[in-house]
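Enquirer: I have a structure I would like to understand better, so I am pasting it below and will then ask my questions one at a time.
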Amino acid sequence: MQPTKILFVCLGNICRSPMAEYLFRDMARRRGLDAQYQVASAATSHEEEGNPVYPAARRYMQDRGIDMSGKYARTLTASDYAAYDYIIGMETRNVVNIHRLLGEDSAHKVTRLLDWTTLPRDIADPWYTGDFARAYDDIYEGCAALLDRLEYDKRRA
Ligand code: 4NP
């Protein structure tokens, strides 16, 4: 079976969406599902293009056993729409920008990460708030809910 392809998206692609990419991949690996998912992340802005993950985010993840040293920011492109099954923003602003960059979401691929949880809401940008613990907890909750839901749907299919 083809892997499910997921693209996480935020404004800069140096904090939240890389955290989601690496957390989701780690969760899938821990459940023995590595081969079932292809995960990546991208930015809606060009601001940080080519830059590594923001040091505070990298450190926070490293302290929890996840190494993000190979990740460099890249900007969302129109071809990403066909390439991914799920395109997942961190906050409403990302979703608005995704629609602006990718056009009409005819296949209903675009959601917000915490829309997959029982308490839909935005994930605040830790680049501005400095609150990496809050961002990590929200992203963890969203990734776990997403993985649970996708696996549940696969079993029912
Ligand atoms: P992120 O945080 O969207 O979670 O990666 C940001 C990082 C950088 C900028 C904005 C948000 N920036 O404008 O440079």
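The values are calculated or read from the model by the stated rules, or taken from the named source; none is laboratory data. The structure displayed is predicted, hence computed values, not measured ones. So basically every Cβ, Gly included, is an ideal-geometry build from the backbone, and we count neighbours across all protein chains shown.
Per-residue answers, yes or no, for (1) modelled with pLDDT under 95; (2) within 17 Å of residue 5 (Cα to Cα); (3) in a helix (DSSP H, G or I):
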position	(1), (2), (3)
96	no, no, yes
108	no, yes, no
114	no, no, yes
135	no, no, yes
141	no, no, yes
145	no, yes, yes
149	no, yes, yes
152	no, yes, yes
155	yes, no, yes
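Enquirer: If you don't mind, another one. Could you please let me know if residue 20 is within 16 Å of the ligand (Cβ to nearest atom), aliphatic (A, V, I, L, M) and outside any strand (DSSP E or B)?
Expert: Yes.
Enquirer: Is one or more of the residues making up segment 29-37 within 20 Å of residue 135 (Cβ to Cβ) and either of a type in the set (Phe, Trp, Tyr) or in contact (Cβ under 8 Å) with a residue 40 or more places away in the chain (or both)?
Expert: No, segment 29-37 contains no residue that is within 20 Å of residue 135 (Cβ to Cβ) and either of a type in the set (Phe, Trp, Tyr) or in contact (Cβ under 8 Å) with a residue 40 or more places away in the chain (or both).
Enquirer: For segment 33-60, which positions are of a type in the set (A, V, I, L, M) and either within 12 Å of the ligand (Cβ to nearest atom) or over 19 Å from residue 78 (Cβ atoms) (or both)?
Expert: If the condition is that a residue be of a type in the set (A, V, I, L, M) and either within 12 Å of the ligand (Cβ to nearest atom) or over 19 Å from residue 78 (Cβ atoms) (or both), then 33, 35, 39, 42, 43, 53, 56, 57 are the ones that fit.
Enquirer: From (1) farther than 15 Å from residue 16 by Cβ; (2) surrounded by 14 or more Cβ atoms within 10 Å (Cβ to Cβ), pick out the condition that doesn't hold for residue 108.
Expert: (2)
Enquirer: Among 80, 63, which is free of Cβ contacts under 8 Å to residues at least 40 places away in the same chain, more than 15 Å from the ligand (Cβ to nearest atom) and not aromatic (Phe, Trp, Tyr)?
Expert: 63
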